[in-house]
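Worksheet: one structure, shown below.
The values are calculated or read from the model by the stated rules, or taken from the named source; none is laboratory data. As the structure is a computational prediction, the values presented were derived from the model and not from experiment. Glycine gets a Cβ as well: all are built from the backbone with ideal geometry, and neighbour counts include every protein chain shown. The area values use the complete protein model at the heavy-atom level, side chains included, leaving out ligands, DNA and RNA. Shrake-Rupley method; radii C 1.70, N 1.55, O 1.52, S 1.80 Å.
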Amino acid sequence: MVLVKSKSRCSRSTIIIAGALFVSPLAVAAFGPPSSSTPTARRPAAAAVRGLASGRTRRRSPSPSVTLINASVLSDSLDADEQQQLQGASDIISRAVEQSQSNGVSNGVDLANGVDLDFEKQQLQRQLDVPQQQQNQQQQRNINKSRKNNKAMADPDFLRKRTEALLRMTVDNYNTSNNLSLSNSNAGTLKVDKRTFDWLIDAWSYSGECDAADYALSLLSRMEELRGFNVGAGVIPDVKTYTKVINAVARSGRRNAGEEAEAILERMIHDDATTGELRPNTYTYTYVIDAHARSPSSKSPHAAQRLIEEMERLRASGDPEVRPTTRAWNSVIAAWAQWKGEEMAWGHIGSGAERAEACLDIMEEWADTTGNEDVRPNSYNYNSVISALANSQDEGAASRAEQILERMENLHRTTGDNQIKPRTATYNAIIDAWAKSGEIDAADRAELLLAHMMELYETGHNLDAK
């Protein structure tokens, strides 16, 4: 097995090419040669080249700056995205090994190519294991960073004690005008006011604990109860409080998270009609969409789409607090990306990747027709759709992903807008799409894309393609 390693700064993109280069010869051994029923055989000649209008679909000799090295000497540290790509390559090889036993492969050795499949799989697995500790350390650093401004997040036991103490202090008929505090040798002084409630709810949102949403909802419920007593304005929940609770529900990942979050949103809308003080804003709607996107329910993508359209309706009607954004749209795209379609009486219908791809067209249409530039797709939106295509295993998904890359490159070339500039993550996602496609020419297309990246970087046309 070989990996393409660039002497420029493109070497990180080579990880998934390892899978593509290895799986390509296995495709014939494990699955047989292409027939009229395979995607590659059915694709017209014009479609085979439309993904790379610049002519990159033609096989070229490797650039002098590219050398071939054995996987065992690859020493680059891998980030989380690269870990996922390498895992994808390993999974592809595992599938090929399992299915190749009856197609000219004996004892894990490809007789036609002389490749020891088990050895190569072990090499890939070794690459996954070595940087695992580094990845865990990076994830912990990210968590610590988010907890910097709320120390309670770093100690779930401390957070739980503080929350339960506050709930005990604020039982029914408790009058917070007494301004009592709870002294605790481990927790200091706990003051009963809105700031304390909000602080604890926010801590639960980012705590990562399985009961975080339950505690956040309990705190909100207690604040609503206290609103009916003589507490003044000190403990009354506002839009910020409700939005924090919705965020906690969204991050819980519960199957009904979307329904729970939307129920809170509906309560806000109902109360605002009476008081005029709880009008949901862009962040509120975005977190509800997040809740649907993180939920495994098959209804979630439809709900996310409905909510983003509701945001646009509110914006168009003159609501100054709500407007669709690329951030909200990215959650809609994420919701569609995990949708597996629907089983009907006449068969399976629908593709989440196609729906995610359609979101880009809607975003551009809204930006052009409404003047709301906050919904014009950026590189994060494009990358999310490309990743959805890569993971979909839909026929022709890799070619469609390359068409999106062309779209990004053309837009950046004509507008100079760096918000849509393709970066390493973009190219890696398309290489990943080719590696997962199972098409016979996947390795060639991945190599050509890497060469294109190198050319862009070395000529200075795109220094972010490294």
For the range 356-409, listing chymotrypsin sites (Phe, Trp or Tyr not before Pro) in a DSSP loop whose Cβ sees at most 14 other Cβ atoms within 10 Å gives none
Cα extents of the range 263-377 along the principal axes, largest first, in whole Å, come to 49, 32, 21
How big is D, in µm² s⁻¹, for the range 183-330 by Stokes-Einstein at 37 °C and 0.692 mPa s if Rh is the Kirkwood radius over C-alpha pairs? 206
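Compute the convex hull volume of the Cα atoms of the range 241-313, divide it by the residue count, and report the result per residue in Å³ as a whole number.
Values: hull volume 5.0 nm³, N = 73.
Dividing the Cα hull volume of the range 241-313 by its residues yields 68 Å³.
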Among 430-439, 449-458, the order from most to least packed when residues are scored by Cβ within 10 Å on average: 430-439, 449-458
Percent accessible area from carbon and sulfur atoms, the range 236-360, protein chains only, probe 1.4 Å: 50
What FRET efficiency comes out for the pair residue 269/residue 214, r = Cβ-Cβ distance, R0 = 25 Å, nearest 0.05? 0.60
Would you check the accessible area of residue 461, probe 1.4 Å, heavy atoms only, in square angstrom rounded to 10? 140
In nm, to one decimal, how far is the modelled label at residue 321 from the one at residue 415, with both set 7 Å along Cα→Cβ? 3.1
Given Cα pairs under 8 Å that are at least 6 residues apart, what percent is the relative contact order of the range 255-394? 19
Using the Karplus equation 6.51 cos²θ - 1.76 cosθ + 1.60 (θ = phi - 60°), what ³J(HN,Hα) coupling, rounded to whole Hz, does each residue of the range 196-213 give in order, writing x for Gly and Pro? 5, 4, 4, 4, 6, 4, 5, 4, 5, 4, 10, 6, x, 7, 5, 9, 4, 5
Against the empirical 2.2 N^0.38 Å scaling, what ratio does the C-alpha Rg of the range 318-466 come to? 1.12
